[in-house]
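Q: Please find one structure pasted underneath; my questions will follow.
The values are calculated or read from the model by the stated rules, or taken from the named source; none is laboratory data. All of these numbers come straight from a predicted model, not from anything done at the bench. Cβ placement follows ideal geometry from the backbone for every residue including glycine, while neighbour counts extend to all protein chains displayed. Ligands, DNA and RNA are stripped out before the accessible areas are found, and what is left, the full protein with its side chains, is counted by its heavy atoms. Shrake-Rupley method; radii C 1.70, N 1.55, O 1.52, S 1.80 Å.
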Amino acid sequence: MFGLGRCSSFVVLTLVGALAPCDVTIAEEALEEQKTLAPYFFVQGGDPAVDRFPLASTHVDVAISGVIAAVSVTQVYENDGTRPINARYVFPASPRAAVNGLSMRLRDHVIEAQIQERKQAQQAFETAKRAGQTATLLEQQRPNVFTMSVANVLPGDRIEVTLRYTELLVPTEGKYEFVFPAVVGPRYASAAASANPANEFVASPYLHAGEPPPARLTLRGSLSAGLPIREVASATHALRGEFSGADLYRFALDDKAAERAANRDFVLGYRLTGDAIQSGLSLFSAGDEKFFLLLALPPARVTPQAMPPRELVFIVDVSGSMMGFPLDTAKRLIRNLAATLRPIDKFNVLLFSGGSRLLSPVSLPATPQNVASALWAIDAENGGGGTELLPALERALALSPEPGLSRSFLVITDGYVAADDEALGFVASHLNDANVFAFGIGSSVNRHLIEGLARAGQGEPFVVTDDAAAAEVAERFGAYVSAPVLTDVRVRAEGFDAYALEPRALADVLAQRPVVVVGKWRGEPRGTLVVSGVTGRGAFEQRFDVAQAAPRPENRALPYLWARSRIASLSSYGLAEPGDDARGEILGLGLRYSLLTQYTSFVAVAKQVRNTREPALDVKQPLPMPDGVADSAVGGSVGVGAEPELGWLVALLGLAFAARRLVRARSVASAA
């Protein structure tokens with residue numbers, strides 16, 4: 001994924017003796033001025049306390065009831081060394097997760113974490129760290145990237161940190177999916193993005209491709225659908241499972257696969273009998289506040305007799321992280337997508353990594369010859385260089401639209417970029433009469449970016465985890481662009497005092513999935529909620545009798561889901577930096593509903609001062625390279641459009657700086 005400007009520490013060993021100290025100093029100062037972040041390869045062989053990875057295991061418990069998943073994730077930290085350590089671990093989460101609790105177990109003592117304003121939580125953690133108290137801090141770096149910090153883990157300690165979250169599962173085309181993201185892929189951060197403190201997590205250590213994950217992952221759960229389950233399976237992991245009746249399924253990861261389970265996302269897919277989709281109205285009363293969840297089934301898709309001419313612009317990531325399996329899968333996907341083009345359609349291709357290359361200044365007719373030439377050019381790509389997504393989007397959206405054509409942009413990437421919010425904001429503010437369809441390729445894609453691009457561009461997100469899915473995804477795309485399911489979607493209340501509805505505006509329904517609305521209500525549960533819109537056959541309306549849905553205690557997750565939806569809306573779903581008023585409201589929601597946000601964090605501190613001997617050693621837990629991603633994701637060749645002279649210069653500076661760091665590390669080790 002990275003060009004020569006990104007240093008990889010595994011190549012430093014051959015250059016240490018060739019660099020004079022003064023040259024290293026000059027190179028280090030020059031590189032420091034760039035303030036560039038980058039992931040790097042973890043190198044063993046130094047301090048034994050560092051080589052023993054503090055995160056020993058992760059255990060996940062999943063309870064799916066109807067359309068809501070309740071998940072607890074327990075991370076076990078151990079110190080097998082001889083010195084106290086402070087551990088830091090970067091890990092992913094679902095972009096829709098409402099994290100509402102954290103606890104720390106130290107021996108037989110359980111400490112429930114407190115939700116605090118982010119800076120206050122950081123101060124509490126740092127104070128405890130300096131005082132020698134054991135503490136843990138959970139922070140959000142992105143809606144789908146968290147960091148866990150644990151201070152003063154003493155030799156022989158075993159510390160369990162458990163976070164809890166809820167998530168709404170919305171089916172598409174009759175299929176439900178529960179996804180547990182297992183690894184954060186290495187992110188690319190340009191010099192501009194590196195200046196943002198929110199991108200500090202980018203500088204994380206990684207193991208080489210193919211090395212087993214340092215921590216064991218186990219997962220078990222139950223699926224209580226409420227309706228008979230037709231089929232259930234995982235395409236990503238080997239499962240052990242059994243039915244207890246027609247509507248209850250218990251599952252667990254196969255023990256033999258647990259050692260390597262953490263290098264790719266876990267995906268559980270299931271269908272109900274007859275491809276049924278759970279819909280209806282759910283109510284919950286929390287005393288002073290009352291909440292509802294509405295899932296309304298859209299009508300059947302109506303395929304028009306004649307689809308208007310289209311213009312498709314393929315924006316294809318050919319960076320280093322796409323090398324190998326991801327790019328091969330992307331090529332297969334593009335070939336299948338190109339098969340949906342007709343002679344009356346037009347298309348264009350923009351390949352990007354550190355720079356970009358456009359197939360044609362204007363879109364070309366989709367003749368067999370033009371399509372074949374484009375596919376040949378794409379097939380010739382092998383992957384390499386950085387991932388400059390924003391400039392690629394700017395160049396693609398600057399293309400003059402073809403009059404009379406229905407235009408769609410198709411972004412194909414793994415999403416391993418740090419400037420994801422900037423890209424989402426650009427699409428939301430510059431896209432007028434075109435849709436964006438985002439295709440995430442790989443075993444552990446950046447779902448925040450993939451889903452955000454589609455939301456900002458009023459299109460649809462797709463995730464392709466293997467070659468076999470490419471044809472099915474292309475077929476679904478063809479159906480989505482041929483005709484939307486429901487347009488001009490609106491929700492109104494009649495005789496029901498509903499307020500604070502989320503989302504505030506409903507997008508067109510392109511896929512066969514429910515219309516989802518969460519909100520609050522006052523007074524008695526009576527009246528009607530009405531969903532209306534326009535289909536290929538004309539006006540559509542669906543009515544829900546509120547009196548038929550009594551408040552139930554099992555709907556206790558609704559306050560978290562509403563608050564999480566409200567926070568996403570206030571932050572424009574990551575499409576823009578919230579204003580002062582929105583930041584204040586997000587902070588208030590996080591504190592009121594005990595939710596992890598960009599402005600609130602969880603912190604737990606043990607009262608006892610445990611480390612009275614020596615300052616603890618800071619240790620970053622290395623991450624496994626996602627399955628199918630090559631080492632080029634962290635260091636590779638110059639990509640499309642990069643400047644080779646600048647690349648070699650930055651590479652030399654990077655190598656020199658890494659060499660200096662290695663010399664210092666050896667000096668410290670020798671002194672010790």
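Q: Name the single residue that is surrounded by the fewest Cβ atoms within 10 Å (Cβ to Cβ) among those in region 450-470 being among the small types (Gly, Ala, Ser) and closer than 16 Å to residue 335 by Cα.
A: Of all residues in region 450-470, those among the small types (Gly, Ala, Ser) come to 452, 454, 456-457, 459, 468-470.
Within this subset, residues satisfying the condition of being closer than 16 Å to residue 335 by Cα are 468-470.
Details: 468: 11, 469: 18, 470: 23.
Here the residue is 468.
Residues checked against (1) in contact with a helix residue (DSSP H, G or I) (Cβ under 8 Å, 6 or more places away or on another chain); (2) under 30 Å from residue 225 (Cα atoms); (3) modelled with pLDDT of 95 or more:
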{"site": "125", "(1), (2), (3)": "no, no, yes"}
{"site": "129", "(1), (2), (3)": "no, no, yes"}
{"site": "132", "(1), (2), (3)": "no, no, yes"}
{"site": "135", "(1), (2), (3)": "yes, no, yes"}
{"site": "146", "(1), (2), (3)": "no, yes, yes"}
{"site": "160", "(1), (2), (3)": "no, no, yes"}
{"site": "180", "(1), (2), (3)": "no, yes, yes"}
{"site": "187", "(1), (2), (3)": "yes, no, no"}
{"site": "205", "(1), (2), (3)": "no, no, no"}
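Q: Residues that are at pLDDT 50 or above and either open to solvent by 10 Å² or more (accessible area, probe 1.4 Å) or not in a loop (DSSP other than H, G, I, E, B) (or both): does region 634-643 have at least one?
A: Narrowing region 634-643 to residues at pLDDT 50 or above: 634-635.
If we keep only those that are either open to solvent by 10 Å² or more (accessible area, probe 1.4 Å) or not in a loop (DSSP other than H, G, I, E, B) (or both) as well, we get 635.
Yes, that holds for at least one residue.
Q: Have a look at 652, 662, 646 and point out the one that is part of a helix (DSSP H, G or I), in contact with a helix residue (DSSP H, G or I) (Cβ under 6 Å, 6 or more places away or on another chain), open to solvent by 20 Å² or more (accessible area, probe 1.4 Å) and modelled with pLDDT under 50. Give the derivation first.
A: Working: 652 fails: in contact with a helix residue (DSSP H, G or I) (Cβ under 6 Å, 6 or more places away or on another chain); 646 fails: in contact with a helix residue (DSSP H, G or I) (Cβ under 6 Å, 6 or more places away or on another chain).
Sole residue among the options that is part of a helix (DSSP H, G or I), in contact with a helix residue (DSSP H, G or I) (Cβ under 6 Å, 6 or more places away or on another chain), open to solvent by 20 Å² or more (accessible area, probe 1.4 Å) and modelled with pLDDT under 50: 662.
Q: Out of (1) assigned to a helix (DSSP H, G or I); (2) under 19 Å from the mean Cα position of the chain (by Cα); (3) modelled with pLDDT of 95 or more, the odd one out for residue 595 is which?
A: Result: residue 595 passes all but (1).
Q: Applying the selection to region 479-506, what residues are of a type in the set (A, V, I, L, M, F, W, C), within 29 Å of the chain's Cα centre (by Cα) and surrounded by 16 or more Cβ atoms within 10 Å (Cβ to Cβ)? First the steps, then the outcome.
A: Here is the first cut: in region 479-506, the ones of a type in the set (A, V, I, L, M, F, W, C) are 479, 481, 483, 485-486, 489, 491, 493, 496, 498, 500-501, 505-506.
Subset that is within 29 Å of the chain's Cα centre (by Cα): 479, 481, 483, 485-486, 489, 500-501, 505-506.
Passing the criteria: 479, 481, 485, 486, 489, 501, 506.
Q: Ok, one more. At least 1 residues that are of a type in the set (Val, Ile, Thr), closer than 16 Å to residue 55 by Cβ and touching a strand residue (DSSP E or B) at 6+ places or on another chain (Cβ under 6 Å) in each: list the strands (runs of 3 or more DSSP E) lying fully within region 66-147 that qualify. Break it down stepwise before answering.
A: On the way: elements: 68-78, 85-92, 98-106, 109-112, 114-117, 133-142.
Answer list for region 66-147: 68-78, 85-92, 133-142.
Q: How do the strands (runs of 3 or more DSSP E) wholly within region 456-559 filter down when requiring 2 or more residues that are closer than 24 Å to residue 66 by Cα: which remain? Give the steps one after another, and end with the answer.
A: Numbers: elements: 461-464, 487-494, 497-502, 515-522, 528-535, 538-545.
Answer list for region 456-559: 461-464, 497-502, 515-522, 528-535, 538-545.
Q: Against the condition open to solvent by less than 50 Å² (accessible area, probe 1.4 Å), in contact (Cβ under 8 Å) with a residue 60 or more places away in the chain, assigned to a helix (DSSP H, G or I) and under 21 Å from residue 500 (Cα atoms), how does residue 569 come out, does it pass? I'd like the intermediate steps shown before the answer.
A: Details: open to solvent by less than 50 Å² (accessible area, probe 1.4 Å): yes; in contact (Cβ under 8 Å) with a residue 60 or more places away in the chain: yes; assigned to a helix (DSSP H, G or I): yes; under 21 Å from residue 500 (Cα atoms): yes.
Yes; evaluated as a whole, the condition is true for this residue.
Q: Something else now. Of these, 457, 440, 452, which one is closer than 23 Å to residue 39 by Cβ and without any contact (Cβ under 8 Å) to a residue 60 or more places away in the chain?
A: Numbers: 457 fails: closer than 23 Å to residue 39 by Cβ; 452 fails: without any contact (Cβ under 8 Å) to a residue 60 or more places away in the chain.
Only one candidate passes the filter, namely 440.
Q: I need the full set of residues from region 201-239 which are among the acidic types (Asp, Glu) and either part of a loop (DSSP other than H, G, I, E, B) or closer than 15 Å to residue 91 by Cβ (or both), in order please.
A: Pass one, region 201-239, residues among the acidic types (Asp, Glu): 211, 231.
Within region 201-239, 211 is the sole residue that qualifies.
Q: Follow-up question, since we're still on this one. Just for region 283-322: of the residues that are of a type in the set (D, E, K, R) and in a strand (DSSP E or B), which one is surrounded by the most Cβ atoms within 10 Å (Cβ to Cβ)? Working first, answer last.
A: Kept after step one, since they are of a type in the set (D, E, K, R), are these residues of region 283-322: 288-290, 301, 310-311, 317.
After this cut, where a residue has to be in a strand (DSSP E or B) as well, the list is 290, 310-311, 317.
Values: 290: 20, 310: 20, 311: 23, 317: 28.
Selected residue: 317.
Q: Just to verify a result, which residue in region 92-107, among those that are in contact with an Asp or Glu (Cβ under 6 Å, 6 or more places away or on another chain) and of a type in the set (D, E, K, R), is surrounded by the most Cβ atoms within 10 Å (Cβ to Cβ)?
A: 96
Q: For the list (1) modelled with pLDDT of 85 or more; (2) open to solvent by 10 Å² or more (accessible area, probe 1.4 Å), I need the number of the one condition that residue 413 fails.
A: (2)
Q: With respect to the numbered conditions (1) of a type outside the set (A, V, I, L, M); (2) at pLDDT below 90; (3) surrounded by 19 or more Cβ atoms within 10 Å (Cβ to Cβ), which one is the sole condition not fulfilled by residue 197?
A: Of (1) of a type outside the set (A, V, I, L, M); (2) at pLDDT below 90; (3) surrounded by 19 or more Cβ atoms within 10 Å (Cβ to Cβ), only one is false for residue 197: (3).
Q: If you don't mind, another one. For region 393-439, what are the residues that are in contact with a Ser or Thr (Cβ under 7 Å, 6 or more places away or on another chain), under 18 Å from residue 349 (Cα atoms) and assigned to a strand (DSSP E or B)?
A: 434, 435, 437
Q: Could you tell me whether region 613-621 includes any residue that is modelled with pLDDT of 95 or more and either β-branched (Val, Ile, Thr) or open to solvent by less than 10 Å² (accessible area, probe 1.4 Å) (or both)? Can you show your working first?
A: At the first step, the residues of region 613-621 found to be modelled with pLDDT of 95 or more are none.
No, region 613-621 has no match at all.
Q: Can you tell me which residue within region 342-376, out of those that are open to solvent by less than 30 Å² (accessible area, probe 1.4 Å) and of a type in the set (Gly, Ala, Ser), is farthest from the chain's Cα centre (by Cα)?
A: The first filter runs over region 342-376 and keeps only residues open to solvent by less than 30 Å² (accessible area, probe 1.4 Å), leaving 345, 347-353, 355, 360, 363, 366, 371, 374-375.
Right, trim to of a type in the set (Gly, Ala, Ser) and you get 353, 355, 360, 363, 366, 374.
Values: 353: 20, 355: 24, 360: 32, 363: 32, 366: 34, 374: 30 Å.
Step by step, filter region 342-376, then rank; the result is 366.
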